[in-house]
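The values are calculated or read from the model by the stated rules, or taken from the named source; none is laboratory data. All values reported here derive from a predicted model rather than from experimental measurement. All Cβ positions, even for glycine, are placed from backbone atoms using ideal geometry, and neighbour counts span all protein chains on display. Protein only, heavy atoms only, side chains kept; ligands, DNA and RNA dropped before computing areas. Shrake-Rupley method; radii C 1.70, N 1.55, O 1.52, S 1.80 Å.
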Amino acid sequence: MKDKKGINRRSFLKGAGLVSAAAVTGCQKIKNSNKAIHNFLNQYEEVIVPYDVETWETTSCSLCPSFCGINVRKIGERVVKIEGNPLHPVNRGGICPRGVAGINHLYNPNRVKSPLRREGSGNSAKWIPISWNDALKELSDKLISQRNENPAGVMFLHSIRSSILEKRLYHHFMESYGSPNYIPFNDAYDWDDECQLDAIYLMQGILRKPSFDIKNSGIVLSFSNDYLESCENLMQSISSYGYARRERKEGRTKFIHFGTRLSSTAASADRWIPIKPGTEAIIALSIAYVLIREDLYDYNFVAKYCTGFEDEVSKDGKIRRGFKYWVMSGYAPVDVEEITGVSAEEIITVARELYSARPAIVIGRRDDIMTQMAVHSLNLLCGSIGSKGGMIFPHQIPLTQIPKVKKDEVSKASFENNDKSSSGAEGFNENNPASVISKFKDNANPVKLLLVKDANPVYSSPARDEWIEILKKIPYKVSFSSVMDETTSLCDLVLPDCTYLEKWGGAAVNTSEGYQVFSVSKPVVSPVVDCRATEDVILEVSSKMPVGISRNLQWKNLKEYLEWSIEGLFDAGRGDVISEEFKGRWVRLLEKAGWKVPKKITKQEFVKEVLEKGGWWDPIFYYNELPGIIDPKKGKVEFMPTSLKPQIEKIIGSKEKEVRTKYSRFIEGRVNPFYPDLISERISEKEGLYLHISKTISLTSLSQPNSPWLMDNATSVISDRWETWVEINPETAKKMNLKDGEYVIIESSKGRIRAIVSISEGIHPESIAIPAGLGHKGNGEWSSGIGSNAVDVMIEERDPLSGVLLPDRTMVKIYKA
C-alpha cells in the first residue's frame with residue numbers, strides 16, 4: 001500500500017474543499033463529511049498493479065453454501081477481478097456481492113499473518129508470532145496429552161454451513177481421536193435462513209434439506225422467509241426467480257409474500273401482504289381452512305400418502321382428532337383477520353390462487369415447531385411433496401465413502417464410557433446451541449481443549465456473556481480463523497486458515513431443480529500471508545499422533561483427499577464434468593434412456609478434468625420418488641406427527657411439566673395443537689414493539705466481515721451505510737415524534753443499542769427492523785466498532801423441542817438518543 005504520508009498539502013486541501021462545498025450546497029449531509037474525507041484519503045491506499053501478463057483461472061467461491069463457479073482475472077500474480085463462470089450450473093455466470101468482494105477477503109490488511117501464541121493473561125497478554133513447526137508441535141503435544149487423560153475432553157466447534165468435504169474429514173478425525181464432541185454449530189445470525197426443516201423431519205421422518213423447484217412452479221407462497229437475500233443457496237434462488245418471471249413456458253410464476261417487513265423478497269413478489277408479528281401460523285391455518293372448506297386440496301395425495309388428516313378411532317373407541325377437525329374448529333378467515341391484520345377477503349383470495357395456480361410451493365422459516373408444521377401442511381394439501389414445481393429432495397452426491405473408523409483401545413474405551421458416537425448430525429434438536437452449552441457444563445467430561453473453525457459465538461450468540469465465561473474456563477483453545485474475531489481473541493493459539501483463493505476445496509450443492517453438483521475450488525494465487533489450509537493442518541497433526549489415529553486418515557494433504565473423494569463420482573457412472581447447458585441436456589437424454597454416460601478417459605484423467613473445470617454435475621432428477629422422501633417406518637406423511645411423543649420424552653424433562661402436557665395432549669388429539677399458542681398469545685397485550693432482525697446479502701455471512709466494499713453496499717435504506725439503522729413505520733414514528741436520520745436508543749430487558757432512524761412504509765407499525773452483521777469488536781478496521789450488534793438487545797427464546805432460536809420474539813422500546 002502507498003504510505004498515507006505521500007499525500008501532499010494541495011491534494012488534502014483540494015479533497016477537503018470539495019467535501020465542504022458539497023456539504024454547504026446540500027448535496028452531502030454534514031454528518032457524512034467525515035466519511036467523504038475518509039474515502040478521499042483512502043484512495044491513496046489503492047495498490048497500483050504493474051503491467052504484466054493477464055490470465056484467467058476457473059475455480060469456485062466458498063463464501064456461502066452456494067459454492068458458485070467463478071472466473072478469476074489476474075495481472076501477473078495479483079487478483080484484480082472476480083466474475084461468475086457462465087458454464088457453472090449453479091450460477092451460470094451470475095455472482096452476488098459477496099462473491100465480488102472475494103478480493104477484499106484475499107487482500108484483507110487485517111488478516112492474521114502467521115501462527116500466533118498468546119503469552120500472559122488479562123490486559124498484559126500479548127500475541128507472539130511463531131513458526132508453523134512450533135505451532136503444529138504444540139498442538140500435537142496438547143492433543144496427545146489430553147488423549148492420554150480423557151479423549152472426550154476435546155471438542156471441535158465447526159460451522160454447520162461448511163462443506164461436506166470439511167465436515168466429514170473433521171468428524172472422522174474426532175471419531176478416530178476418541179471424542180464424541182464434533183459439533184456442527186450455528187447460532188442466531190451466523191449465516192443464512194433455513195426453511196421448515198423441523199416440520200419436514202416430524203411430518204415426513206427424514207433429515208434432508210429440500211430444494212424449491214421455483215422454475216417449474218405456478219405459484220410461490222412464502223411466510224417470512226427471505227429466500228432472495230438470505231437463503232442457503234442464494235444464486236439458485238435468484239436465477240430460478242428470474243427464469244420463473246421471464247422464461248417459464250407455462251406462464252409467469254406468481255409470488256406472494258407474507259411478512260412484517262418489505263424485504264427484497266417481498267419487494268420482488270407480486271404481492272407483499274403485511275402481517276402482525278408472529279401470526280404466520282394463524283394465516284397458514286386459515287388458508288388451510290379455505291382449501292378444505294371449498295374442497296380445493298389434492299384429495300388423492302392426502303388420502304394415499306398422508307395420515308392424521310381425518311379423525312381416527314382407536315380399538316378401544318377413543319377418538320383422536322385430526323388436522324381437519326382442528327383447522328375447521330377455529331381458523332375461519334373472519335375469525336383471524338383482526339389478530340393477523342390480514343382481511344378475510346385477502347386470505348380467501350390467496351387460498352384460491354394457491355390451488356388454481358398449482359404446482360405450488362409454500363416456504364416458511366425455521367420458527368417454532370407449531371408454526372413450521374402449520375406452514376408445511378399447505379404443501380401437503382397442495383400435493384407438493386416431491387412433485388415437479390414443488391418441494392423436492394435432491395439425492396446425496398456419490399463421493400467416495402470414507403471407511404468406517406478403526407478404533408484403537410483408547411477410542412473404544414472413550415466411546416463406551418460416553419455411550420454415544422460422534423455422529424455430527426444436523427437433525428432435529430441435534431447440537432443446538434443450548435445443548436452445546438450444556439456440554440461445557442458436563443462435570444464428568446469437562447472440555448479442556450477446544451478447536452474452533454468458522455464459528456464465532458462470542459459475536460453471534462444471544463448467550464454471548466455465557467460463552468465468554470465458558471471460554472475463560474477452558475484451559476487451551478485453538479482457533480483456525482483467518483482474522484482476529486471476537487472468539488479467536490479469547491483463544492490461546494491461532495492457526496490462520498487460507499482463503500478459498502489460496503487452497504483446494506469442494507462442496508456438494510443442492511440446486512433448485514434437484515440435480516446434483518459438486519463444485520471444486522483451487523488455489524489461484526500463492527498464499528498472501530503465512531497461512532495453511534485447516535484440512536492440511538489436521539492431516540499433518542494426525543500423522544504425528546498414535547497409529548490408531550493416523551491409520552484412519554490416510555491422505556497426505558487436502559488435494560489428495562479431494563482427488564480421492566472425486567473418484568467416487570467416476571465410479572458412479574453418471575453425470576459429467578461441468579459444461580455448457582447444451583451438453584448437460586445431452587447427458588440428461590442419455591441417462592433417461594438408461595445409458596451410463598460414456599467415459600473415454602481414465603479415472604485419473606477424469607479427476608484432473610474435474611479439478612481444472614471447477615466441478616461435476618448430474619443434470620437429471622426424477623420427480624415423485626415418494627418412498628425416498630418419507631420415512632419407511634412412518635409409511636405416510638403425518639399431519640399430526642406421532643414422532644413428537646418420543647422426542648418429548650427424550651428432550652423435555654419432568655421440570656417442564658406444562659410444556660410436556662401441552663405437546664402430549666396434542667399427540668393424543670385431545671386439544672387443538674395450535675390454538676393455545678397462536679391465538680391467545682396474540683390477543684395478550686405486550687408492551688413495546690416487536691424486534692425484527694433483517695439479513696442483507698452483504699452483511700449476513702460471517703466469512704466476510706471486514707470488507708469496505710460490502711459495507712458500502714449493505715443497503716439502500718439509508719445514505720450513511722456505515723451505521724446501524726432502524727426501520728420504523730411512519731405511523732409509529734409520528735407517535736414517538738421521531739424524524740428520519742436522527743439517532744435513537746433501542747432498549748430491551750437485555751440491553752440497549754444505538755441506531756439511526758429510517759422511516760419506512762415497509763415495516764409493520766407493531767415492529768421495527770434492524771440489520772444483523774454490524775457491531776463487531778474484532779475482525780479489522782472495516783468492521784470493528786462500526787454500528788451495533790443486534791443480538792445485544794435480542795432475548796434468547798428457543799423452541800422447547802427443537803432448540804431453534806425463535807425470531808421476532810423480543811419486545812423493545814425506543815427513545816431519542
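Tabulated results
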read-out	value
Scope region 503-516; condition open to solvent by less than 10 Å² (accessible area, probe 1.4 Å), in a loop (DSSP other than H, G, I, E, B) and out of contact with any helix residue (DSSP H, G or I) (no Cβ under 7 Å at 6 or more places or on another chain); matching residues	Gly514
Restricting region 403-417 to residues that are under 10 Å from Ser176 (Cβ atoms) and not in a helix (DSSP H, G or I), the residue that is most open to solvent (accessible area, probe 1.4 Å)	Lys406
Condition check for Glu166: at pLDDT 95 or above and open to solvent by 10 Å² or more (accessible area, probe 1.4 Å)	no
Residues satisfying the stated conditions in region 286-307, i.e. more than 34 Å from the chain's Cα centre (by Cα) and in a helix (DSSP H, G or I)	Ile292, Arg293, Tyr299, Asn300, Ala303, Lys304
Filter result for Gly780 (open to solvent by 20 Å² or more (accessible area, probe 1.4 Å) and either at positive phi or of a type in the set (Ser, Thr, Tyr) (or both))	no
Options Glu345, Glu338, Glu353; residue that is surrounded by fewer than 21 Cβ atoms within 10 Å (Cβ to Cβ), more than 33 Å from the chain's Cα centre (by Cα) and modelled with pLDDT of 95 or more	Glu345
Residue check for Ser131: of a type in the set (Ser, Thr, Tyr) and within 30 Å of Leu699 (Cβ to Cβ)	no
Restricting region 783-803 to residues that are open to solvent by 10 Å² or more (accessible area, probe 1.4 Å) and touching a strand residue (DSSP E or B) at 6+ places or on another chain (Cβ under 6 Å), the residue that is nearest to Glu723 (Cα to Cα)	Ser788
Cross-chain or 6+ apart pairs with Cβ under 6 Å, region 776-799 first and under 18 Å from Ser694 (Cβ atoms), then open to solvent by 40 Å² or more (accessible area, probe 1.4 Å)	His776/Ser784; Ser788/Arg754; Val793/Lys750; Ile795/Lys750
In region 102-131, residue least open to solvent (accessible area, probe 1.4 Å) [restricted to those that are touching a residue at least 40 places away in the same chain (Cβ under 8 Å) and within 18 Å of Tyr476 (Cα to Cα)]	Pro115
Selection from region 61-78 of residues that are at pLDDT 95 or above and touching a Lys or Arg at 6+ places or on another chain (Cβ under 8 Å)	Val72, Arg73
Boolean, Ser519 is in a loop (DSSP other than H, G, I, E, B) and buried (at least 21 other Cβ atoms within 10 Å of the Cβ)	no
Count - residues of region 135-163 that are closer than 18 Å to Ser481 by Cα and open to solvent by 10 Å² or more (accessible area, probe 1.4 Å)	5
One residue from Lys249, Lys215 being open to solvent by 20 Å² or more (accessible area, probe 1.4 Å) and touching a Ser or Thr at 6+ places or on another chain (Cβ under 6 Å)	Lys215
Some residue of region 697-716 being surrounded by fewer than 19 Cβ atoms within 10 Å (Cβ to Cβ) and at pLDDT below 70	yes
Among residues of region 366-385, those that are in contact with a strand residue (DSSP E or B) (Cβ under 8 Å, 6 or more places away or on another chain), part of a loop (DSSP other than H, G, I, E, B) and surrounded by 24 or more Cβ atoms within 10 Å (Cβ to Cβ), counted	2
Residues of region 538-558 that turn out to be in a helix (DSSP H, G or I) and among the basic types (Lys, Arg), as a count	0
Number of the exception - Arg588 against (1) modelled with pLDDT under 95; (2) in contact with an Asp or Glu (Cβ under 7 Å, 6 or more places away or on another chain); (3) closer than 27 Å to Asn91 by Cβ	(2)
Set Glu83, Glu57, Glu77: member being without any contact (Cβ under 8 Å) to a residue 24 or more places away in the chain and more than 19 Å from the chain's Cα centre (by Cα)	Glu83
Positions within region 610-635 being open to solvent by 70 Å² or more (accessible area, probe 1.4 Å) and in a loop (DSSP other than H, G, I, E, B), in sequence order	Tyr622, Asn624, Glu625, Pro632, Lys633
Failed item, numbered, when Ala303 is tested on (1) in contact with a Gly (Cβ under 8 Å, 6 or more places away or on another chain); (2) of a type in the set (Gly, Ala, Ser); (3) open to solvent by 10 Å² or more (accessible area, probe 1.4 Å); (4) under 24 Å from Lys324 (Cβ atoms)	(1)
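So that you can scan it fast, the table gives a plain yes or no per residue for (1) surrounded by 24 or more Cβ atoms within 10 Å (Cβ to Cβ); (2) in the same structural domain as Tyr500 (by the TED database); (3) modelled with pLDDT of 90 or more:
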residue: Asp442; (1), (2), (3): no, yes, no
residue: Lys453; (1), (2), (3): no, yes, yes
residue: Asn456; (1), (2), (3): yes, yes, yes
residue: Asp465; (1), (2), (3): no, yes, yes
residue: Ile468; (1), (2), (3): no, yes, yes
residue: Ser479; (1), (2), (3): yes, yes, yes
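Yes/no matrix, rows are residues, columns are (1) closer than 30 Å to Val483 by Cα; (2) of a type in the set (Val, Ile, Thr):
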| site | (1), (2) |
| --- | --- |
| Glu761 | no, no |
| Ser783 | yes, no |
| Ala790 | yes, no |
| Pro800 | no, no |
| Val804 | yes, yes |
| Lys816 | no, no |
